[in-house]
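See below for the structure under consideration.
The values are calculated or read from the model by the stated rules, or taken from the named source; none is laboratory data. Please read these numbers as outputs of a predicted model, since none were measured by experiment. Quick reminder, even Gly has a Cβ in these numbers, built from the backbone with ideal geometry, and neighbours come from all protein chains shown. Just the protein is used for accessible areas: all its heavy atoms, side chains included, with ligands, DNA and RNA removed. Shrake-Rupley method; radii C 1.70, N 1.55, O 1.52, S 1.80 Å.
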Amino acid sequence: MTADQYLNQTITKYQVDVAGVKAQVTAIYPTLKVWANKYLIETIYSGSLAKGTAVSLSTDADVFISLSSSTPESLSDVYGSLYNVLVCAGYDTRKQNVSIGVSSAGYKIDFVPGKRQSQYGYDHSLYRNKARTWTKTNVKTHVSYVADSKRTDEIKLSKIWRTLNRLDFPSFYLELAVIDCLSGRRYSDLSGNFWEVLWFFESSFINRRYVDPANTNNIISEDLSDAERQSIQAAARLSRTKKDWSQIVW
């Protein structure tokens, strides 16, 4: 078996049960609709599932809840009330940074509530629970930026590697880093590209600055501390000492 064959086999091992997770989202949707009332514009799949970078070791689906700009509640109240309604509906629920995480029937689903900034366009304001503030973003811009990169397989391997090494490495941050690292490299060299990603994580990644393509005021690389970035660097350095791919991702 070649290196590329092994890595493709590993990606297949961790593929997401799309039909199963979408069935769970459909089951939860009536609760969301009642909660949002007349202010619900739409719910869309965002995050890894929409980008084509999902792996079963992390969140199975991200669902963005677009609320009207006329929604009267503050962003913090929107975030808190969504958490409360999902808890009251009996779901295993947790507060995260900009999302409410739900575990249902073995699937992990993150719901991200956002208030549209104006009547038109797709710029939204999100509540940042950790910082107790808000940020502007556009999830459609995020999805197209990653999905159109043609680096989805390398991103999937990086996410598998991240989880196996128990690293705190937010997915969008990771996606931006992989796309940056592989700029200009050919698309048909999976093992060579992933090896390059590990070298990048070990070397220049730690000092790279990443900006949200939908909001230049949102510095994605500030989502991790120096110590957390150093943990990624150390894990990559250790992985690059291994003699076989099966010792790096499995």
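Backbone geometry of the stretch 182-190 corresponds, through the Karplus equation with coefficients 6.51, -1.76 and 1.60 at θ = phi - 60°, to 3J(HN,Hα) couplings of 8, 4, x, 7, 6, 8, 9, 10, 4 Hz, x marking Gly and Pro.
Here the label points at N207 and S76, each 7 Å from Cα along the C-beta direction, are separated by 3.9 nm in the simple model.
Each residue of the stretch 64-78 is assigned a 3J(HN,Hα), and the resulting list reads 8, 9, 8, 10, 4, 5, 8, 4, x, 6, 5, 4, 5, 5, 4 Hz, derived from the Karplus form 6.51 cos²θ - 1.76 cosθ + 1.60 (θ = phi - 60°), x at Gly and Pro.
On full extension, the segment bounded by Q119 and A147 gains 7.4 nm, given 0.36 nm per residue less the C-alpha separation.
Computed on the stretch 27-101, with alpha-carbon pairs under 8 angstrom and 6+ residues apart, the relative contact order is 28 percent.
Spatially, the stretch 54-87 and the stretch 1-33 are offset by 21 Å when compared through their Cα centroids.
Using the Cβ-Cβ distance between D92 and T216 with R0 set to 35 Å, the FRET efficiency works out to roughly 0.45. Helical runs (DSSP H, four residues minimum) scored at -39500 (n - 2.57) apiece and divided by the length of the chain put the mean residue ellipticity at 222 nm at -13500 deg cm²/dmol. Taking θ as phi - 60° and the Karplus parameters 6.51, -1.76 and 1.60, the scalar couplings of the stretch 164-170 work out to 4, 9, 6, 9, 8, 8, x Hz in sequence order, x denoting glycine and proline.
For the chain, the relative contact order works out to 17 percent when only alpha carbon pairs closer than 8 Å and six or more residues apart are counted.
Most tightly packed first, judged by the mean number of other beta-carbon atoms within 10 Å of their residues, the peptides 218-226, 75-83 read 75-83, 218-226. Once the 1.4 Å probe is applied to the protein heavy atoms, the chain comes out at 48 Å² accessible per residue.
Take the Cα of S188, go 7 Å toward its beta carbon, and the backbone nitrogen atoms of the stretch 1-39 under 20 Å from that spot belong to 1-9.
Go through [x] 19.0; [y] 18.5; [z] 18.0 and flag the label whose value is the computed Kirkwood radius over Cα pairs in Å for this structure. Looking at Kirkwood radius over Cα pairs in Å for this model, the match is [x]. Near D123, the amide H atoms lying under 5 Å from its own belong to Q117; only residues 5 or more places off or on other chains count, and H is placed 1.01 Å from N.
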